Structures are given as structure tokens and as C-alpha cells.
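One structure is given here, and the rest of the page talks about it.
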Amino acid sequence: MKNLLMIGLAAASLSAIAVPSAAVAGDEDDARVAIAAAKAKLDAAEKAGVGGNAGDVLNRSRTTLEEANAKFRKDEDRHARVLAQEADALADLAAATAELRALEAERSKVAVN
């Protein structure tokens, strides 16, 4: 009975050690994926010619992505992931703003005619 208790405690201790390292690896992977997704979205917005009124939002996205990369290099994976997700959202906002401006310009042309 005492051996069974010791085996159970040993197993619990080993699992307690394994879980945080697995969580750390997951955080690093999540951060890496979030950074890659934000970079892809930012690159797509730049290739699409997002600028004008949306240019400042695109610049904020780029700056936030740079901050995410810096946090990732410092092994601050959770913070890097959050910043990358913010950069991703800002890139979406820039693209949506540019699209809205284009639609408003088109509507103005139609309204004039």
C-alpha cells in the first residue's frame, strides 16, 4: 500500500513537471503562428495598395508586429501572441477602411451622375 502511494505521488509529480513545459511549447507555437498570420495579412494589405486614410492604421499594425517580434525574441511568448493578434486586427481594420473609402468614392461618383 505504501509503495502504491509513493508511485502515485511520483506520477503526480512527473505530470506536474511535464504540463508546464508542454504549455510553454504551446505558447511558443501559438505566438509563432500568430506572428506569421499577422505578417501575411500585413503583406497582403500592402500589396493591395492600402494607404491614404488607412495608411496610419497600417503603420500601427507594422509597429505592433515589430513589437511582437521583439517580445518573441525575448521569450515573452504570450505577450508576443497578443501583440501579433493586435497587429492582425489592425491590418484587417486598414483593409476594411481602404475598402470603405473606395466604396464611398464610388458612391459619390454615382450620386453626381
task: State all residues of the stretch 54-70 that are of a type outside the set (Gly, Ala, Ser) and without any contact (Cβ under 8 Å) to a residue 40 or more places away in the chain; if no residue qualifies, say none.
output: ASP56, LEU58, ASN59, ARG60, ARG62, THR63, THR64, LEU65, GLU66, GLU67, ASN69
query: Among the residues of the stretch 51-69, how many are within 13 Å of the chain's Cα centre (by Cα) and either on the phi > 0 side of the Ramachandran plot or of a type outside the set (S, T, N, Q) (or both)?
result: 5
- request: Would you be able to say whether some residue in the stretch 46-55 is surrounded by 13 or more Cβ atoms within 10 Å (Cβ to Cβ) and assigned to a loop (DSSP other than H, G, I, E, B)?
  value: yes
message: Being out of contact with any helix residue (DSSP H, G or I) (no Cβ under 7 Å at 6 or more places or on another chain) and either within 19 Å of ASP27 (Cα to Cα) or without any contact (Cβ under 8 Å) to a residue 60 or more places away in the chain (or both) is true for just one of ARG78, ARG107, ARG101. Which residue is that?
response: ARG107
field: Which numbered condition GLU67 fails, given (1) part of a helix (DSSP H, G or I); (2) modelled with pLDDT under 95; (3) not aliphatic (A, V, I, L, M)
entry: (2)
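Yes/no matrix, rows are residues, columns are (1) surrounded by fewer than 16 Cβ atoms within 10 Å (Cβ to Cβ); (2) in contact with a Cys (Cβ under 9 Å, 6 or more places away or on another chain); (3) among the basic types (Lys, Arg):
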{"position": "ALA31", "(1), (2), (3)": "no, no, no"}
{"position": "ALA40", "(1), (2), (3)": "yes, no, no"}
{"position": "ARG60", "(1), (2), (3)": "no, no, yes"}
{"position": "ARG107", "(1), (2), (3)": "yes, no, yes"}
task: Kindly list the number of the only condition in (1) more than 12 Å from the chain's Cα centre (by Cα); (2) at pLDDT below 95 that fails for LEU42.
output: (1)
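The values are calculated or read from the model by the stated rules, or taken from the named source; none is laboratory data. Note that this is a predicted model, so its numbers are computed, not measured. Because the Cβ atoms are built from the backbone with ideal geometry, glycine has one as well, and the counts that use them run over all protein chains shown.
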